[in-house]
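Q: Please find one structure pasted underneath; my questions will follow.
The values are calculated or read from the model by the stated rules, or taken from the named source; none is laboratory data. Computed from a predicted structure; not experimentally measured. We place every Cβ from the backbone using ideal geometry, glycine too, and count neighbours over all the protein chains shown.
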Amino acid sequence: MRTLIASRCAAGACLLIAAASIDSAAAQSAASASPPDFSGVYYPYTPGRGGGGGRQATAPAAAQRGAAPAGAQRGGAPPPRPTQSAPLSDGSQGRSPEAPKLTPEYLAKWEVMRKSRIAGSYEYDNNARCLPPGMPAMMGMAYGMEIMQAKDRITFFSELNDALRRVYLDGRKPTAKQLDDPTYAGYSTGHWEGDTLVVETVALHPDSFIEGFTPHSDAMTVSERIRFTAPGILEDRITVRDPKALTEPWQTVRTYRKALPPNDELREFACAEGLSRELVSGKH
Amino acid sequence: MTRIRILVLALAVAVFSPAVALSHHSNVAYEVTKVITITGVVKGFDWVNPHTWLHVVVDDGKGGKVEWACEGRAPGVLLRAGWSRTVLKPGETVTVDMSPAKDGSKTSIIARVTKADGTILSNQPVFDDRGN
């Protein structure tokens, strides 16, 4: 057949046939292309800034890698004395304009929590009580995340509170039994749209938070579109819907940067370690 | 013999129990925007989750001693900020910049620790522009 085509066509026509074959092969290849590999350890990243955790690096990079005490600052002009020890997270500054817009009922719940936190209580501080951060707050991944990817599922692990979520990619859907059993991470299913992982999460525990200590109802669902925006830069575009707690869907974007050795290992968190000491000592 | 056993047990409890109750483990318990500074001697450094605890004994200026329990970030975060389990040893002098507890107790949350040789232990992980 090849001989027949070659013998019957002029040189120019054969070139056209060859070009068409290549285009067809490229299209086929794109349609069956493997999804990108998200596997690895990531830390939060603010585009245009230097550091992990969304914070500016405060010491020379080389200091991080040397012998102990790596990362410690020594010599040179002393850095300015800190004016704050940790983020102000007790709600004393009120709600940010970017925070989810709550219905009056849920705003009232938030006010109760705010008063409690300003008083120094951790009654509504899940993090201090070693509870999982839950979806979608856990995707803040303040202490880093590890992604483990397989064909039929992708697993997100948070160093903070050793929290885990699984996203099933094999086409399964949550059963009525699973929908009736809310958890902090919820029940997540997803599929690939080209290079983007599209995820839907349902069955979320009503005692977890959307972000900070913003409450939600049992009707909350979370949609995500996760993709690489540049080599090693992963973006998660999150949309939260909750007809009971929110007056409109809330959207946020989390960005992470893939870590290289030696920072590509997360440490065990074992939150109960400290709590169990308090149980034994009888003091809180 | 029984008395000796009881004594050994009592000593073990005394040695392995936290010196000060770990009253807090949350930012909300502290006045995080107020930073005070103490200089004192390390009594102990507990490398535990969810937060580390540094115990520092400070002269009160009246011939007495005051013990502060200073809460630090989690071991994983501090490792990335250049700390280690043994970076602060009992008996060494340290200066601690910290925010006091809202309830007025001698507990605080650490902003940074400065060792006697001037080494500063920050509570922020350090990454270069490639995230490493």
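Q: Of these, B:K106, B:K89, B:K102, which one is in contact with a Phe, Trp or Tyr (Cβ under 8 Å, 6 or more places away or on another chain), facing chain A (nearest Cβ under 7 Å) and touching a residue at least 12 places away in the same chain (Cβ under 8 Å)?
A: B:K102
Q: Does B:V113 satisfy being under 19 Å from A:P80 (Cα atoms), more than 7 Å from chain A (Cβ to nearest Cβ), surrounded by 20 or more Cβ atoms within 10 Å (Cβ to Cβ) and at pLDDT 95 or above?
A: Yes, satisfied.
Q: Could you tell me whether B:K65 is farther than 21 Å from A:A272 by Cα and modelled with pLDDT under 95?
A: no
Q: Which residues, counting only those in the range B:116-132, are over 24 Å from A:Y42 (Cβ atoms) and either more than 7 Å from chain A (Cβ to nearest Cβ) or part of a strand (DSSP E or B) (or both)? Quick ask: steps written out before the conclusion?
A: Start the filter on the range B:116-132 by keeping residues that are over 24 Å from A:Y42 (Cβ atoms), which leaves B:116-121.
Result: B:A116, B:D117, B:I120, B:L121.
Q: Can you tell me which condition B:P75 does not meet? The list is (1) under 13 Å from the mean Cα position of the chain (by Cα); (2) farther than 25 Å from A:D264 by Cα; (3) within 7 Å of chain A (Cβ to nearest Cβ), and all the others hold.
A: Among (1) under 13 Å from the mean Cα position of the chain (by Cα); (2) farther than 25 Å from A:D264 by Cα; (3) within 7 Å of chain A (Cβ to nearest Cβ), B:P75 violates only (2).
Q: Would you say A:A219 is free of Cβ contacts under 8 Å to residues at least 60 places away in the same chain and within 23 Å of A:D181 (Cβ to Cβ)?
A: yes
Q: Restricting to the range A:217-234, give me the number of residues that are on the phi < 0 side of the Ramachandran plot and in a loop (DSSP other than H, G, I, E, B).
A: 5
Q: Quick check: anything in the range B:47-62 polar (S, T, N, Q), more than 7 Å from chain A (Cβ to nearest Cβ), under 30 Å from A:L260 (Cα atoms) and free of Cβ contacts under 8 Å to residues at least 24 places away in the same chain?
A: For the range B:47-62, residues polar (S, T, N, Q), more than 7 Å from chain A (Cβ to nearest Cβ), under 30 Å from A:L260 (Cα atoms) and free of Cβ contacts under 8 Å to residues at least 24 places away in the same chain: absent.
Q: Also, quick follow-up: Taking the range A:179-203, which residues are in contact (Cβ under 8 Å) with a residue 40 or more places away in the chain and of a type outside the set (S, T, N, Q)?
A: A:Y184, A:A185, A:G186, A:W192, A:D195, A:L197
Q: Same structure, new question: In this structure, is A:L102 at pLDDT 90 or above and touching a Pro at 6+ places or on another chain (Cβ under 9 Å)?
A: yes
Q: If you scan the range A:175-205, which residues turn out to be under 29 Å from A:A33 (Cβ atoms) and acidic (D, E)?
A: Across the range A:175-205, the qualifying residues are A:E193, A:D195, A:E200.
Q: Next question, about the same structure. Could you say whether any residue in the range A:204-214 is among the small types (G, A, S) and free of Cβ contacts under 8 Å to residues at least 12 places away in the same chain?
A: no
Q: Cβ contacts < 7 Å: first residue within 20 Å of B:P90 (Cα to Cα) and hydrophobic (A, V, I, L, M, F, W, C), restricted to the range B:113-132; second residue modelled with pLDDT of 95 or more and surrounded by fewer than 16 Cβ atoms within 10 Å (Cβ to Cβ), any location; separation 6+ or different chain. Result?
A: B:A116/B:E92; B:A116/B:T93
Q: Name the single residue, out of those in the range A:86-112 being in contact with a helix residue (DSSP H, G or I) (Cβ under 8 Å, 6 or more places away or on another chain) and buried (at least 16 other Cβ atoms within 10 Å of the Cβ), that is farthest from B:S108 (Cα to Cα).
A: A:L102
Q: Does the range A:221-233 contain at least one residue that is over 30 Å from A:E105 (Cα atoms), within 14 Å of chain B (Cβ to nearest Cβ), at pLDDT below 95 and touching a strand residue (DSSP E or B) at 6+ places or on another chain (Cβ under 9 Å)?
A: Looking through the range A:221-233, none of the residues is over 30 Å from A:E105 (Cα atoms), within 14 Å of chain B (Cβ to nearest Cβ), at pLDDT below 95 and touching a strand residue (DSSP E or B) at 6+ places or on another chain (Cβ under 9 Å).
Q: Next up: May I ask you to verify whether A:R237 is surrounded by fewer than 20 Cβ atoms within 10 Å (Cβ to Cβ) and outside any loop (DSSP other than H, G, I, E, B)?
A: Yes: the conditions hold for A:R237.
Q: Name the residues in the range A:250-260 that are farther than 16 Å from A:L197 by Cβ and surrounded by 15 or more Cβ atoms within 10 Å (Cβ to Cβ), would you?
A: A:W250, A:T252, A:R257, A:A259
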